[in-house]
Amino acid sequence: MGSTWRMPHLFQLCLLFHSWLSGCCHLYNNRYAGDKVIRIVPKSNKEANELKNMYRQLQVDLWQPSSISNIWGNTVTDVHTSNISTEALLSYLRHANIQHKIIVKNLQKVVENQRASTPRRNRRSISKYDYEDYHTLEEIVKWMHHMNSTHSNLVHMFSVGTSYEGRPLYVLKAINTHKSDPVMKKILDQFYVYVMPVFNVDGYRYSWTHDRFWRKTRSKMRLNCYGVDANRNWKVNFCEEGASFNPCDSTYCGPYAESEPEVKAVAHFIQKRRKRMKIYISFHAYAQMLLYPFSYQYGAIPNYKCVESAAQKAVEAINSAYGVRYRHGPASTTLYLSSGSSMDWAYNNGIPYAFAFELRDTGYYGFMLPEGLIRPTCIETMLAVKNITMHLLKKCR
């Protein structure tokens, strides 16, 4: 058996983006009417600390950075505010003379406009599956079954466990490729490729039916709150920097490491194969960054030279497609300190090349990336993934 790792192909990458649901009158019961997204840049740590307190009082939805603890002087913060809390925040910002700009004036309108711009399609027709469209969890699973049955010589589908709500955690194993892509052929001649299009299946489905911007899992917690940040729940420096003990926070780490069945199942799957695994890649949004360990501490990893070289070539490949610029580097210094991430866990479990992509964009669309940008994002990201893999095959020392 060859080495194993996770790498989505072009059409599989297109499944990783957040999605929304079309309703009869207003999407999501008009819950985002009047909501705004505001970009705020505190000039000093003093302003940042005051801003943190304001965020806590208003219970805003922080888009960037993901944790209030990562806000300091000159940190660009994107915050989603409700119609009720917006005026209080804007009034405070004007009074304190803190730099800010309203990016989205009415979030409900943006959600509905983007959905309305998508042509109606026959969602039941798997043969017409559109790789430049957002899909429900049910559609994605049907597509996986279809690929498994019609292309059994290329892929094999199986489940690594079940979610909190009992949904299968499906994975596709790529075992061959069409001859038209010599790079992919070379990669698959050397490696097995495991692709998990949707990791947080419960949360992803909930983002279609109830809350477009839901990011956590859906496990029931204390204080009548739901969900855990699955990328704070891995058994690596658990619940330290950049994570919260409050079950109502978006960065809640969970009651203990691997408390979430999704995390535990994937960790078990990887551990059984870790001696043969060479690359682990996870995909997130948004920031246009390619990150590598460590997230939980400063300082270079032992194989820094090889990993940095691979990352540099990967972002150059991204830029070559459409001119989009990605930053790259250790997550702790390039993005912010955070603990319990799958990337750090994978690296500490012996996988030498562990990366996390923060895909498009840098905040203009944020979590509302238009469907028209799915294809270019997939194309440039696949170029990066191929470059990382080919760099490994050259056996960097």
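Overview of results
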{"item": "Some residue of the range 255-272 being farther than 22 Å from Gly203 by Cα and of a type in the set (Phe, Trp, Tyr)", "result": "no"}
{"item": "Selection count, the range 355-392, where residues are in contact with a helix residue (DSSP H, G or I) (Cβ under 7 Å, 6 or more places away or on another chain), open to solvent by 30 Å² or more (accessible area, probe 1.4 Å) and among the basic types (Lys, Arg)", "result": "1"}
{"item": "Odd one out for Pro352, checked against (1) open to solvent by less than 50 Å² (accessible area, probe 1.4 Å); (2) touching a residue at least 60 places away in the same chain (Cβ under 8 Å); (3) closer than 26 Å to His135 by Cβ", "result": "(3)"}
{"item": "Unmet criterion (only one of (1) more than 27 Å from Ile71 (Cβ to Cβ); (2) at pLDDT below 95; (3) of a type outside the set (S, T, N, Q)) for Ile270", "result": "(2)"}
{"item": "Selection from the range 86-106 of residues that are under 13 Å from Tyr32 (Cβ atoms) and hydroxyl-bearing (Ser, Thr, Tyr)", "result": "Thr86"}
{"item": "Residue within the range 367-377 that is farther than 20 Å from Asp133 by Cα and at pLDDT 95 or above present", "result": "no"}
{"item": "The range 212-261, subset small (Gly, Ala, Ser) and not in a loop (DSSP other than H, G, I, E, B), residue modelled with the lowest pLDDT", "result": "Ser244"}
{"item": "Any hit, the range 209-218, residues being out of contact with any helix residue (DSSP H, G or I) (no Cβ under 7 Å at 6 or more places or on another chain), open to solvent by 10 Å² or more (accessible area, probe 1.4 Å), closer than 30 Å to Val155 by Cβ and in contact (Cβ under 8 Å) with a residue 24 or more places away in the chain", "result": "yes"}
{"item": "Qualifying residue in the range 371-380 (condition: small (Gly, Ala, Ser), within 30 Å of Tyr32 (Cα to Cα) and more than 18 Å from the chain's Cα centre (by Cα))", "result": "yes"}
{"item": "Within the range 145-157, considering residues that are free of Cβ contacts under 8 Å to residues at least 12 places away in the same chain and in a loop (DSSP other than H, G, I, E, B), the one most open to solvent (accessible area, probe 1.4 Å)", "result": "Ser152"}
{"item": "Among the candidates Ala265, Ala230, residue that is in contact (Cβ under 8 Å) with a residue 24 or more places away in the chain and either acidic (Asp, Glu) or touching a strand residue (DSSP E or B) at 6+ places or on another chain (Cβ under 8 Å) (or both)", "result": "Ala265"}
{"item": "Any hit, the range 305-318, residues being surrounded by fewer than 19 Cβ atoms within 10 Å (Cβ to Cβ) and on the phi > 0 side of the Ramachandran plot", "result": "no"}
{"item": "Qualifying residue in the range 191-200 (condition: assigned to a helix (DSSP H, G or I) and either in contact with a His (Cβ under 8 Å, 6 or more places away or on another chain) or surrounded by 15 or more Cβ atoms within 10 Å (Cβ to Cβ) (or both))", "result": "no"}
{"item": "Any strands (runs of 3 or more DSSP E) falling wholly within the range 283-397 and containing at least 1 residues that are among the aromatic types (Phe, Trp, Tyr)", "result": "289-292, 353-359"}
{"item": "Members of the range 161-180 found to be among the polar types (S, T, N, Q) and either at pLDDT 95 or above or open to solvent by 50 Å² or more (accessible area, probe 1.4 Å) (or both), listed by number", "result": "Thr162, Ser163, Asn176, Ser180"}
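The values are calculated or read from the model by the stated rules, or taken from the named source; none is laboratory data. Fair warning: this is a prediction, and the values are worked out from it, not measured in the lab. Note: ideal-geometry Cβ built from the backbone for every residue, glycine included; neighbour counts use all protein chains shown. Heads up: the accessible areas ignore ligands, DNA and RNA and are worked out on the full protein's heavy atoms, side chains in. Shrake-Rupley method; radii C 1.70, N 1.55, O 1.52, S 1.80 Å.
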